[in-house]
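The values are calculated or read from the model by the stated rules, or taken from the named source; none is laboratory data. What you see is a predicted model, and the numbers here were worked out from it, not measured in a lab. Quick reminder, even Gly has a Cβ in these numbers, built from the backbone with ideal geometry, and neighbours come from all protein chains shown. Ligands, DNA and RNA are stripped out before the accessible areas are found, and what is left, the full protein with its side chains, is counted by its heavy atoms. Shrake-Rupley method; radii C 1.70, N 1.55, O 1.52, S 1.80 Å.
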Amino acid sequence: MARSAADHGSAGKPQQSARAVAIAPSILAADFRRLGEQVSDALAAGVRRIHVDVMDGRFVPNISMGALVVEALRPLTEPVGAVLEVHLMIVEPDRYLADFRRAGASAMTVHVEACPHLHRTVGAIRSLDAQPGVGLNPATPLVTLDEILPDIDVALVMSVNPGFGGQKFIASSIDKVARLRAKLVERGLGHVDIEVDGGVGPDNIAELAQAGMTIAVAGSTVFNTRASVADNVSLLRSTCAAHGFVVR
Ligand code: DX5
Ligand code: ZN
């Protein structure tokens, strides 16, 4: 992911610019009959991160999609250098990491609640040359990330209970993001992205960015029948811009 070369933190690692946000459309909300077209529309609108929600019916109540879908999207994302990220809402994710990497995922997020050996799992993602991310359900406290923060690229704050798209945003997530950003800064880990997932849209994206979010997952606010993907992305982008944030 692009970093600002001028912006370095105390640990000598490049720090994430607090003023830049990436939009990561979640294809869970897409029209699967024309999935390729919808992802192409998002890429044409300048999106460079596509969020693939993988659900197993065990960690979360729903079953969604797997590596085959990632593989199908790769010819669209690869030519423009977009990241395909998998959000693994599954038990025993270690069993599938290599498959997702082979399929084209270059960022993989697992859940604290699903990984008894989280350090090993994060190491396995890193050894596959993918960006490791770790996610927290709404009721899981930030302290559960303390030991793993130096090893990850993305900390995912779930702002709904995972399992379904189109749910109502849990407002207390904004404070959770702010506390996580403060913790990262304090520890010289400002380069770690904070991704927020669930109910993110024009009403809260700027406030979340202000709190320290650097990646906004957006499903039903990007893929819906009310407006085109281009217009929906453009609204998120202009909302961020109006508050002084650059969308990368
Ligand atoms: C929820 C998923 C989300 C979801 C977001 O379990 O992880 O990525 O698709 O959808 P919206 O933006 O509609 O809440
Ligand atoms: Zn997700």
Matching residues in the range 65-89 - criterion: being within 16 Å of ligand 2 (Cβ to nearest atom), open to solvent by 10 Å² or more (accessible area, probe 1.4 Å) and either β-branched (Val, Ile, Thr) or under 18 Å from VAL47 (Cα atoms) (or both): VAL69, VAL83
Do we have VAL177 as within 15 Å of the chain's Cα centre (by Cα) and within 13 Å of ligand 1 (Cβ to nearest atom) here? no
Of all residues in the range 155-176, which are within 15 Å of ligand 2 (Cβ to nearest atom) and either among the polar types (S, T, N, Q) or closer than 24 Å to GLN131 by Cβ (or both)? ALA155, LEU156, VAL157, MET158, SER159, VAL160, ASN161, PRO162, GLY163, GLY165, GLN167, SER173
From the option list ALA124, ALA98, single residue qualifying as away from ligand 1 (no atom under 14 Å from the Cβ), crowded, with 17+ Cβ neighbours inside 10 Å and more than 28 Å from SER228 (Cβ to Cβ) is ALA124
Looking at (1) away from ligand 1 (no atom under 16 Å from the Cβ); (2) in a helix (DSSP H, G or I); (3) closer than 21 Å to PHE223 by Cα, which one does GLY46 not meet, given that it meets all the others? (2)
Given the structure, is GLY198 away from ligand 1 (no atom under 16 Å from the Cβ), within 15 Å of the chain's Cα centre (by Cα) and modelled with pLDDT of 95 or more? no
